[in-house]
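The values are calculated or read from the model by the stated rules, or taken from the named source; none is laboratory data. Computed from a predicted structure; not experimentally measured. Every residue, glycine as well, gets a Cβ built from its backbone with ideal geometry; the counts of neighbours run over all protein chains shown.
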Amino acid sequence: MRAATLARAAAVALPVVQAAPAVTALPALRRRLLPGLHGLGSPDRVALTFDDGPDPESTPYFLDMLAEHRVRATFFVLGVMLRRRPDLGRRLVAAGHDVALHGWRHDNLLRRGPIGTVRDLTRAYDLVADVTGRPPAFLRPPYGVLTGATLVAARRLRLRPVLWSCWGRDWTATATADTVSRRVLAGLHGGGTVLLHDSSCAAAPGAWRAALAALPGLLAECRRRGWRVGPLATHRLVAR
């Protein structure tokens, strides 16, 4: 009887434990309670991050743009994308950028079981380390949705989860350089982390062009405000 009661309690508790961290997808909540997860760092800096690559259609254009402006960034890559073009992963590192982990596929991890989540993140971690010659230090799950299993995998792999403090909604079919710039700057403060996308593999086809076109103006505005733009590794993230 007692064993059956415990089993029923576990059946209820495990889904709650798995899903509970997903509340951190709410920006206002994590900014207040978990500023490190929100991507907040030194107030004289801005972290520039890109998700969903590396993509041969688009990532090289971002690399060229960043090289022109002498800016380094953090690229959160997908395992399936890196497996197709490992040369682009090596090019990211050669250009001085950080390569971080976004997952194996662009899946909402709430829809993955704990075992599958840990297996996929470990698989992606190993691929990044093998291709680039260095283990990733940061994790950002697709859609910014953390789960209990994601946190277990992050702890096991010594990955620090980091989401973002502002984004450009550059994945939509209606995104333009102007809309991306306005959305980013509306939420950007010193110490913030910017989310853009260097691939449209999980977005409207060709949406990456809006982010690329917005980038020079965003970098110029950061310079005007006295913020140094760089990767998460130099962002001096707050402890929590």
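Assorted remarks:
- Cβ-Cβ distances below 9 Å connect the following pairs, each with a first residue in the stretch 21-43 that is exposed (fewer than 13 other Cβ atoms within 10 Å of the Cβ), a second residue that is at pLDDT 80 or above, and a separation of six or more residues or different chains: V23/L146; R32/H38.
- Residues that are among the small types (G, A, S) and closer than 16 Å to Y125 by Cα were ranked within the stretch 52-100; the one that is nearest to the chain's Cα centre (by Cα) is A100.
- Scanning the stretch 135-156 for residues that are outside any helix (DSSP H, G or I), surrounded by 21 or more Cβ atoms within 10 Å (Cβ to Cβ) and β-branched (V, I, T) turns up just one, T147.
- Taking the stretch 15-134 as the region of interest, the helices (runs of 4 or more DSSP H) fully inside it that hold 2 or more residues being over 21 Å from D170 (Cβ atoms) and modelled with pLDDT of 95 or more are 79-84, 86-94, 114-132.
- Scope the stretch 162-180; condition part of a loop (DSSP other than H, G, I, E, B), buried (at least 19 other Cβ atoms within 10 Å of the Cβ) and more than 15 Å from the chain's Cα centre (by Cα); matching residues: A175
- L159 being free of Cβ contacts under 8 Å to residues at least 60 places away in the same chain, crowded, with 18+ Cβ neighbours inside 10 Å and touching a strand residue (DSSP E or B) at 6+ places or on another chain (Cβ under 9 Å): yes
- The residues listed here are A202, A220; of these, the one that is under 16 Å from L66 (Cα atoms) and out of contact with any Gly (no Cβ under 6 Å at 6 or more places or on another chain) is A220.
- Scope the stretch 162-213; condition closer than 17 Å to P27 by Cβ, in contact (Cβ under 8 Å) with a residue 24 or more places away in the chain and among the hydrophobic types (A, V, I, L, M, F, W, C); matching residues: V162, L163, W164, C166, W167, W171, V184, L185, L188, V194, L195, L196
- Of all residues in the stretch 84-96, none are touching a residue at least 60 places away in the same chain (Cβ under 8 Å) and surrounded by fewer than 23 Cβ atoms within 10 Å (Cβ to Cβ).
- Qualifying position, being among the basic types (K, R) and outside any helix (DSSP H, G or I), among R183, R236: R236
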